[in-house]
Amino acid sequence: MEQNRSLTTNLPKGYKHTEIGVIPEEWEVVILSRIVDFLDGQRRPIKSGNRIKGEYPYYGASGVIDYVDDYIFNDELILLGEDGENILSRNLPLAFQVKGKIWVNNHAHVLKPTSDVNITFLTEYLESLDYSLLNSGTAQPKLNKQACINILVNLPSLPEQKAIAQVLSDTDNLIHALEKQITKKRLIKQGAMQELLRPKKGWKVKKLGEIAEVRDGTHQTPTYVKIGIPFYSVESVTNNDFINTKYITREAHKSLTKKFRIERGDILMTRIGSIGDCKLIDWEVNASFYVSLALLKIKPGYSQSYICHYSKTSNFRKEAELNSLQSAIPKKINLGPISNIIIEMPDYEEQTRIAAILSDMDKEIEALEKKLAKYQQLKQGLMQNLLTGKIRLVSH
């Protein structure tokens with residue numbers, strides 16, 4: 001009794017305790033089946049070989065997977081993924097709103113909200129949930145209908161639902177606009193690369209070993225520690241993440257860097273698993289690296305930035321593949337063959353000019369990506385606060 005009185009005393013004014021947390025007093029907690037009709041019985045899968053191409057979207061667990069010549073639904077609905085790794089990984093939307101003439105296979109639950117529920121509000125609410133505890137699959141994650149029926153929903157009044165939905169929709173529009181802008185900038189850069197890095201009269205053909213000293217990292221897996229010297233691997237380059245790395249002791253690092261070390265201006269290139277991905281080290285660095293990476297120390301008279309940009313061309317990729325061990329699993333390219341990779345280049349002054357243009361484009365894209373990440377974080381914060389009533393948008 002004393003504990004219950006203490007909980008009540010600590011509640012903000014106008015809020016109440018519920019089975020899914022503290023919410024405004026006038027909000028309800030309802031099970032999903034009370035506010036939607038499940039239309040799963042109407043969905044039908046079509047094998048890929050039996051689909052006739054058409055204009056109507058064919059939906060699966062995570063969105064449109066094809067277009068067909070007929071439709072099952074012609075309505076405004078919510079689709080909630082029923083199975084697949086996305087239930088746990090959430091790399092794609094799990095709950096998404098659809099409208100118009102569509103076909104849905106048996107990998108997405110089909111929900112039609114009742115008239116007292118705003119469809120955008122409910123879609124956002126369902127997308128905000130953690131479904132890991134509802135997963136009933138073993139080999140493959142699964143969200144069965146019975147689990148969905150009993151999902152608990154925080155339900156404000158319809159006017160407040162609409163207000164919340166509007167704010168989240170406006171934020172989504174900003175995010176989508178930035179995503180389109182980033183896509184456009186990337187396409188422009190791709191076109192610029194094709195033109196600027198296309199070999200021209202007077203360009204020289206060099207082997208990578210002629211313009212760089214090629215080394216690899218330690219062949220022994222070191223003992224990792226929680227705090228220490230960063231230890232780079234293939235994932236550091238492919239994910240462009242040199243902050244969330246593994247760490248080794250200072251003593252181990254000192255031993256590994258007796259003969260050579262990574263320095264600003266060097267290039268790290270993936271050579272096991274992923275082949276040919278390159279990263280220019282353009283910061284002051286104190287780190288060691290694994291055998292899965294090659295270290296390219298570019299010789300004087302050649303632009304490190306130009307070479308790194310050139311590594312993203314199809315010509316460089318083809319050269320890396322041709323020089324790799326074709327039968328190796330995982331893929332692998334040894335140091336000797338790396339040295340044989342052909343690079344075509346103009347004189348140093350032109351290398352520098354080309355690299356500057358492409359680097360400026362990269363900076364523009366990076367700035368937009370940072371802005372996008374901030375908006376995505378803002379959206380997450382808004383969802384957490386608006387969908388639980390911590391922030392109110394209507395008078396109460």
By Cβ neighbour count within 10 Å, fewest first, 233, 128, 136 rank 136, 128, 233
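What order do you get for 268, 322 when you list them from fewest to most C-beta neighbours inside 10 Å?
Numbers: 268 26, 322 13.
Going from sparsest to densest Cβ surroundings: 322, 268.
Provide the percentage of antiparallel DSSP beta bridges, counting only those with both residues in the chain; round to the nearest 5. If you can, show how the numbers build up before the last one.
Details: 52 of 57 bridges.
Percentage antiparallel, nearest 5: 90.
Report the convex hull volume per residue for the stretch 334-396, counting only C-alpha atoms, in Å³.
Numbers: hull volume 9.0 nm³, N = 63.
So the per-residue Cα hull volume is 143 Å³.
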To the nearest 20 debye, the stretch 69-122 has a Cα-centred charge dipole, built from +1 on Lys and Arg Cβ and -1 on Asp and Glu Cβ, of 160 debye
In debye to the nearest 20, the charge dipole size for the chain, taken about the Cα centre with +1 at each Lys and Arg Cβ and -1 at each Asp and Glu Cβ, equals 1380 debye
Using alpha-carbon coordinates alone, the radius of gyration and Dmax of the stretch 204-345 in Å work out to 14.7, 47
What the 5 Å binned alpha carbon P(r) of the stretch 280-396 shows, as percent of pairs per bin from 0, is 2, 8, 12, 14, 13, 12, 10, 7, 6, 5, 4, 4, 2, 1, 0
Semi-axes in Å, largest first, for the chain (Cα gyration tensor, √(5λ)) are 50, 28, 22
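Hey, what's the per residue convex hull volume over the C-alpha atoms of the stretch 28-155, in cubic angstrom? Spell out each step's value before the answer.
Working: hull volume 13.1 nm³, N = 128.
It comes to 102 Å³ per residue, whole-number rounded.
Of 226/254; 180/226; 206/258, which ones are farther than 28 Å apart at the Cα?
On the way: 226/254 17 Å; 180/226 39 Å; 206/258 30 Å.
In this structure, 180/226; 206/258 exceed 28 Å between Cα atoms.
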Listed by chain and number, the aspartates and glutamates with an alpha carbon less than 15 angstrom from that of residue 370, same-chain partners under 8 positions apart left out, are 179, 241, 362
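Can you sort 203, 27, 103, 283 from fewest to most other Cβ atoms within 10 Å of each residue's own Cβ?
Details: 203 15, 27 19, 103 23, 283 7.
Lowest count first: 283, 203, 27, 103.
As an exercise, identify the trypsin sites (Lys or Arg not before Pro) in the stretch 173-205 lying in DSSP coil whose Cβ has no more than 13 other Cβ atoms within 10 Å.
200, 201
Order these peptides, 250-261, 107-118, by their mean beta-carbon neighbour count within 10 angstrom, highest first.
Working: 250-261: 13.7, 107-118: 18.3.
The peptides rank, most packed first, as 107-118, 250-261.
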Tilt, helix 158-196 to longest principal axis of the chain (alpha-carbon atoms), in degrees rounded to tens, equals 20 degrees
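Taken together, the values in this text are just the output of simple stated rules run on the coordinates, not laboratory data. Note that the structure is predicted; figures quoted are calculated from it, not measured. As a convention, Cβ positions derive from the backbone with ideal geometry for all residues, glycine included, and neighbour counts pool all protein chains shown.
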